[in-house]
Amino acid sequence: MIRYRIQPARPEARIFQVSLEISEPLADGQVLRMPAWIPGSYMIRDFARHVVRFEASENGQRLGWQKLDKDSWQLDPATGPVTVDLEVYASDLSVRGAHLDTTHGYFNGPCVFPEAVGHEHLACEVEVLAPQGADYNGWRLATGMPRVDGGDWEFGRFRAENYDALIDYPMEMGRFDVEGFEVCGVPHWVVISGRHRTDMARLVADLAPICEQHIRLFGEPPPMEQYLFLVRATGSDYGGLEHRNCSSLMCSRGDLPRRTDTPGEVRNGYRTFLGLCSHEYFHSWNIKRIKPEAFTPFDLGRESHTELLWAFEGITSYYDDLALVRAGRITPESYLELLGQTITRVYRGTGRHKQTVTESSFDAWTRFYKQDENAPNAIVSYYAKGSLVALALDLTLRELTGGDRSLDDVMRLLWERHGRTGVGVPEQGIQALAEEVAGQSLAEFFDHALYSTRDLPLEELLGNHGVQLNWRPPAGHNDRGGKPGPSSAPVHLGIRVGEDPLGARILVAHEQGAAVSAGLFAGDVIIALDGVRTDARSLDEHLTAWQPGEDVDVHFFRRDELYRCRVRLEAGEASTAWLTLTGQEAGAEPPAEPPAWLRGERG
């Protein structure tokens, strides 16, 4: 067994103190290595850079060591036992890193626990100590790692079956609120840290049927004996990361349900949060246990490329919101609004014509996770387009089998053949299983959807399943789509803007838009139109004074320099999607029964 100990030794300095004991070090000099990335987030993060002190000893006597590379240390030969002590600086307030201050502590294993190379297969025991001092009275600990001693939510000792398991149990410590619920016989908990006024009873009442929806899809029993939603409430953050029996989530406190909400109402922010929970929970099957061959096992020292992220993230992104409507948490119309927003997000970017969804998956390490202001013009999201591929595949399978089979059947096959067995999914494995479900070749579908940059035939597929896809011009520069809008095309600069103290900061500039044609680009701050001051809130209103084909003088700052350009205004192109159930007019009563696809039924 490898024994670890971790304590928030100096919360005011954001320092975790970590030690590990190796009873039988390798004879030629034990190597310790920090992971370079964390599963689920495909970018090299070099966690070793946060180690600010490293010392080693044998039987209480100092032991020499040398650095091998950016991630690894080699100890001098020793017979053991040896102890390694290190301090880790924790200032990354995200679901991927480690963070510590005087209000709470949080860490992912790859950020704080070095691997004892050659002993990866050994069980790991971790003692987690509370910070010292009266200021930290009342701190508790939340983690999914199996407990050795101590009561629920207490600091104590924990055990993981090996190193891979050790680093897949994040820990949250501090003062937090907890609410439990049960799904299919499995205890679940929601843990919320940060200031909030959440209606916990409402939250668990909504989460329970969503979790049950996913469990029923793959079949009982679920692969975990317990599950935790670790939620950090902040002013405006958003993010999630999946783990073997929990998920780490960050959200705006305003997105959580409140006791003052109208009963049964699902505000847009709360809908977003439920979708995030649904997404990470679905990952309990699709990526945590059903994995690409490239990830079996993980090599956390370097990039592991695969073309399959469109399936593991895209299919998950398809089912996350779909589960909300199938579980009865949102209406079919609300789901179609979300789907319209996804279609809009993909179709507004010309990057979809330059990069296939498999290329996007393969290049996640250097392009998707390292996006710049030109990303919409250069790449396509394997999350967003991947979810549309999943939608198209689901509807195609239903058509080819007369409604008898669907993507649900493909997911169940993936679980039986790969999730339960631990055998990685080969690069062409999704297609092979889909063809088995369809009972025929799907080469034409997969060549089109995965290996070309042509748009998917969504209008036809949706139309055949009771949903009409409509297109319109954007109503404004931050119109996300999903809803009806103006029938005529107002002028549009082809940009997305955000607030700036000086004016309207260009966040995205689409290469086919009027702004780029005039020389404006992302990062520029528009301050005036024809000599009249404007900002992000008033830009759309100001532009209503012009018609397509007219010119307008635009004053803008680029860095700290003031410029002027003349923009030939254009009508916004019909790249904004919204959907309706067939035969339903905007604002009319919905049909008595939505399509079988939305209900998760055959037929």
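What number, in nm² with one decimal, is the all-direction average of the projected area of the convex hull of the alpha-carbon atoms of the chain?
The Cα convex hull of the chain, projected and averaged over all directions, gives 29.6 nm².
In whole Å, what is the distance between the alpha-carbon centres of the range 371-422 and the range 244-308?
Rounded to whole Å, the Cα centres lie 16 Å apart.
To the nearest 20 debye, what charge dipole does the chain have about its Cα centre, counting +1 at the Cβ of each Lys and Arg and -1 at the Cβ of each Asp and Glu?
800 debye
On a 29 Å Cα-Cα criterion, which of the cross-link pairs Lys288/Lys385; Lys67/Lys288; Lys291/Lys354; Lys70/Lys354; Lys291/Lys385 come out too long?
Over 29 Å apart, Cα to Cα: Lys67/Lys288; Lys70/Lys354.
Select from Gly29, Ala515, Phe295 the residue farthest towards the positive end of the dipole of the chain; place +1 on Cβ of Lys and Arg, -1 on Cβ of Asp and Glu, and compute about the Cα centre.
Ala515
Can you bin the range 235-341 into rounded, prolate or oblate? Criterion: square roots of the alpha carbon gyration tensor eigenvalues sorted a ≥ b ≥ c, rounded for a/c under 1.5, prolate for a/b above b/c, oblate for the rest.
Verdict is prolate for the range 235-341.
Extent of the range 492-558 along each principal axis, from alpha carbon coordinates, in Å, largest to smallest?
Over the range 492-558, Cα extents along the principal axes are 29, 25, 16 Å.
Could you sort the peptides 56-64, 311-319, 33-41, 14-22 by per-residue average Cβ neighbour count (10 Å cutoff), highest mean leading?
311-319, 33-41, 14-22, 56-64
How much net charge surrounds Val266 when only other residues with a Cβ under 14 Å from its Cβ are counted (Lys, Arg +1; Asp, Glu -1)?
-3
In Å and from the alpha-carbon atoms only, list the Rg and Dmax of the range 2-174.
15.4, 46
Starting from the Cα of Lys483, draw a straight line to each of the aspartates and glutamates and keep only those under 15 Å, dropping any in the same chain fewer than 8 residues away.
Glu333, Glu337, Glu585
Taking N as the number of residues in the range 68-114, what value does Rg over Cα atoms divided by 2.2 N^0.38 Å take?
1.48
Which of the peptides 497-505, 569-577, 553-561 is most tightly packed, and how do the rest follow, judged by the mean count of other Cβ atoms within 10 Å per residue?
The most tightly packed comes first, giving 569-577, 497-505, 553-561.
What does the convex hull of the Cα atoms come to per residue for the range 467-582, in Å³?
91 Å³
Please name whichever of Leu322, Pro332, Ser361 sits farthest to the positive end of the charge dipole of the range 319-411, dipole taken about the Cα centre and charges placed at Cβ: Lys and Arg +1, Asp and Glu -1.
Going by the charge dipole, the pick is Ser361.
Neighbouring Cβ atoms within 10 Å as the yardstick, rank Ser381, Ser94 fewest first.
Listing Ser381, Ser94 from fewest to most nearby Cβ atoms yields Ser94, Ser381.
With a/c under 1.5 counting as rounded, go ahead and sort the range 309-445 into rounded, prolate or oblate using the C-alpha gyration tensor (a ≥ b ≥ c being the square roots of the eigenvalues; past the cut-off, prolate if a/b is larger than b/c, else oblate).
Note, shape of the range 309-445 comes out oblate.
Highest first, please rank the peptides 78-91, 346-359 by the mean number of other Cβ atoms sitting within 10 Å of their residues.
Ranking, from highest mean packing down: 346-359, 78-91.
So for the range 467-582, taking the charge dipole from beta-carbon charges (+1 Lys/Arg, -1 Asp/Glu), which of Ile526, Phe557, Ala571 sits furthest toward the positive end?
My answer, from the dipole projection, is Ala571.
Let me check the size of the range 126-278 from its C-alpha atoms; what are the radius of gyration and Dmax in Å?
15.9, 48
Output the relative contact order of the chain, whole-number percent, from Cα pairs under 8 angstrom with separation of 6+ residues.
Reported as a whole number, the value is 10 percent.
Where a number appears in this text, it was derived from the coordinates with a stated rule and is not lab data. As the structure is a computational prediction, the values presented were derived from the model and not from experiment. Note that each Cβ is placed from the backbone with ideal geometry, even for glycine, and that neighbours are counted across all protein chains shown.
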